[in-house]
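Take a look at the structure below.
The values are calculated or read from the model by the stated rules, or taken from the named source; none is laboratory data. Please read all numbers here as calculations on a predicted model, not as lab measurements. Here the Cβ is made from the backbone with ideal geometry for all residues, glycine too, and neighbour counts use every protein chain on show. These accessible areas exclude ligands, DNA and RNA; they are computed on the full protein's heavy atoms, side chains included. Shrake-Rupley method; radii C 1.70, N 1.55, O 1.52, S 1.80 Å.
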Amino acid sequence: MLLAEIISVGTELLLGEIVDSNAAFLARELAARGITLHRKVVLGDNLKRLAEGLRTALARADLVIVGGGLGPTDDDLTREAIAEVLEETPTEDPALLAWLEGLYAARGRSMPQVNRKQAWLIPSAQALPNPVGTAPGWFVQTGGKIIVALPGPPRELQRMWREQVLPRLPLPDHALFAVTLHTQGIGESNIAELLGDLTKAANPSVATYARQTGVDVRVAASAPTTGEAQVLATPVLDTVRHILARWIWGEDGDTLAGAVTQTLGGRTLGVIEAGSGGALCLLLADQPGFLDAAVTVDHARLITLGLTPVTLGSVGVVSEAAARELAAGAREHLGAEVGLAVVTATAGEQAGQAFVALSAENVENVAHVNWPGDPAQIRERAAVAALALAYRTLRLPQPSGKAGHA
């Protein structure tokens, strides 16, 4: 078993100024190749702490991946830390230096002298080419352990990982097969209860994860080959699909917006948003059935879109009645065959309250949600609630004249 640890380098990551998407990418890549990841660590731009982190990781893991800290400035210290831990002295590599100078010359510029450190190598390191940046990576082999140093920008890190690192790694002689099922309308604890002892098995494993669009259930198995892993996972996967069939809306790379598009069956969709700032439109932006939208909190504009003055005066915009009227208005005023409306409040006494409604021929449904959170969270959750309502309402044939309340 190949054990790995990831060290993400950067004070901006440590302070939360930048989200560490690199570690998530690398974790998925390792899992897909049967490499066991034990720890992910974030360290600031401090030579002593980086060196300590490397020593600790090397004592526990066979593979240590360091992301970031390969830039040209004084606070880019990954090379220095690796050199210190291995007690090796970095020197300029003539080929790397010529390559760097060529990058600048091709753009009609002279290379700043601070960039010379990006041409450093230590005796135990191989340089990893970077076709989309100025920071070569390092592939270091020492005492039966491997250190991989990758640049911080995700585009550079991901390409270098795939093109330069993977071909060099001694990958385990077993493969992983995994399928992630996406569910909506059921809680994580309820799923765990339904699945029972399935979640306690090690291989195949069944794990649940709360996500923005519901709860994901991942079924995974490992075996010497992908085909054998798939055979091992399939009976469990079929069982999970059967148990959760009424809540599953997609698998793996599917999106909830895409699932809604499938349920439209070629019909067009119009959207009216009041208070959600276009969050629903953003989720639907690339969907072929998305016809038109109106995003506004202006009362006069909402009245032209179907909100009646009586509803506005009696219960206000953030109400079930308003959502129903605007969903119908999306059909009438936007010319769509299916109307979807969101009305929500991100501040004041109603903060967190949202009503979502759908209107189609012989079909009407509405749902009320109420979650605390900051304005961005409220808008996002309201948009997801609208998609979930649309999927639940449209996925099954409805009796003529059916109206509902979800």
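Brief remarks follow.
- Scanning segment 19-34 for residues that are hydrophobic (A, V, I, L, M, F, W, C) and either over 11 Å from Ile6 (Cβ atoms) or open to solvent by 30 Å² or more (accessible area, probe 1.4 Å) (or both) yields a total of 4.
- The criterion of being assigned to a helix (DSSP H, G or I), at pLDDT below 95, out of contact with any Pro (no Cβ under 7 Å at 6 or more places or on another chain) and of a type in the set (A, V, I, L, M) holds for Leu103.
- If the condition is being at pLDDT below 85, out of contact with any strand residue (DSSP E or B) (no Cβ under 9 Å at 6 or more places or on another chain) and either of a type outside the set (A, V, I, L, M, F, W, C) or in a helix (DSSP H, G or I) (or both), then segment 185-213 contributes only Gln212.
- Pairs where the first residue, in segment 94-116, is closer than 25 Å to Asp75 by Cβ and free of Cβ contacts under 8 Å to residues at least 24 places away in the same chain and the second is open to solvent by 40 Å² or more (accessible area, probe 1.4 Å) and in a helix (DSSP H, G or I), C-beta under 7 Å, 6+ apart: Leu97/Arg116; Met111/Glu101
- With respect to the conditions (1) surrounded by 15 or more Cβ atoms within 10 Å (Cβ to Cβ); (2) of a type in the set (A, V, I, L, M); (3) in a loop (DSSP other than H, G, I, E, B), Leu181 lacks only one, and its number is (3).
- So Glu87, is it buried (at least 16 other Cβ atoms within 10 Å of the Cβ), closer than 15 Å to Ile147 by Cα and more than 21 Å from the chain's Cα centre (by Cα): no
- For segment 1-19, the set of residues classified as touching a residue at least 40 places away in the same chain (Cβ under 8 Å), more than 26 Å from Thr226 (Cβ to Cβ) and not in a strand (DSSP E or B) consists of Gly10, Thr11, Leu13, listed by residue number.
- Segment 71-89, residues that are more than 20 Å from Ala57 (Cβ to Cβ) and either of a type in the set (Lys, Arg) or modelled with pLDDT of 95 or more (or both): Thr89
- Every residue from segment 115-135 that is in contact with a Ser or Thr (Cβ under 7 Å, 6 or more places away or on another chain) and part of a helix (DSSP H, G or I): Asn115, Gln118
- Gly335 vs. criteria surrounded by fewer than 20 Cβ atoms within 10 Å (Cβ to Cβ), modelled with pLDDT under 95 and farther than 22 Å from Ala388 by Cα: yes
- In segment 222-248, the residues that are closer than 23 Å to Arg33 by Cα and open to solvent by 50 Å² or more (accessible area, probe 1.4 Å) reach residues that are of a type outside the set (S, T, N, Q) and not in a helix (DSSP H, G or I) with C-beta atoms within less than 6 angstrom, at least six apart or across chains, in these pairs: Pro224/His174; Thr225/Ala175; Thr226/Ala175; Thr226/Phe177; Gln230/Phe177; Leu232/Pro204; Leu232/Ala221; Leu232/Ala223.
Quick grid of which residues meet (1) without any contact (Cβ under 8 Å) to a residue 60 or more places away in the chain; (2) open to solvent by less than 10 Å² (accessible area, probe 1.4 Å); (3) not in a helix (DSSP H, G or I):
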position: Lys40; (1), (2), (3): yes, no, yes
position: Asp45; (1), (2), (3): yes, no, yes
position: Lys48; (1), (2), (3): yes, no, no
position: Gly53; (1), (2), (3): yes, no, no
position: Leu58; (1), (2), (3): no, no, no
position: Val64; (1), (2), (3): no, yes, yes
position: Asp75; (1), (2), (3): no, no, yes
position: Arg79; (1), (2), (3): no, yes, no
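- Residues that are farther than 22 Å from Ile186 by Cβ and modelled with pLDDT of 90 or more, drawn from segment 362-374: Val363, Glu364
- Lone qualifier among Ala327, Ala321 - being modelled with pLDDT of 95 or more and open to solvent by 10 Å² or more (accessible area, probe 1.4 Å): Ala321
- Within segment 264-288, residues that are within 17 Å of Val343 (Cβ to Cβ) and in a helix (DSSP H, G or I) reach partners that are open to solvent by less than 20 Å² (accessible area, probe 1.4 Å) and of a type in the set (Asp, Glu) with beta carbons closer than 7 Å, at six or more positions or on different chains, in the pairs Leu280/Glu273; Cys281/Glu273.
- Asp216 meets the conditions (1) part of a loop (DSSP other than H, G, I, E, B); (2) touching a His at 6+ places or on another chain (Cβ under 8 Å) in every case but one. The failed one is (1).
- Hits in segment 291-307 (condition: open to solvent by 20 Å² or more (accessible area, probe 1.4 Å), in contact with a helix residue (DSSP H, G or I) (Cβ under 6 Å, 6 or more places away or on another chain) and in a loop (DSSP other than H, G, I, E, B)): Gly306
- Residue match in segment 151-162 (condition: acidic (Asp, Glu), free of Cβ contacts under 8 Å to residues at least 40 places away in the same chain and either more than 30 Å from Arg55 (Cα to Cα) or not in a helix (DSSP H, G or I) (or both)): no
- Exclusive hit being surrounded by fewer than 19 Cβ atoms within 10 Å (Cβ to Cβ) and over 30 Å from Ala257 (Cα atoms), set Leu169, Leu194, Leu198: Leu169
- Look at (1) surrounded by 17 or more Cβ atoms within 10 Å (Cβ to Cβ); (2) in a helix (DSSP H, G or I); (3) not aromatic (Phe, Trp, Tyr) and you find that Met111 fails only one, number (2).
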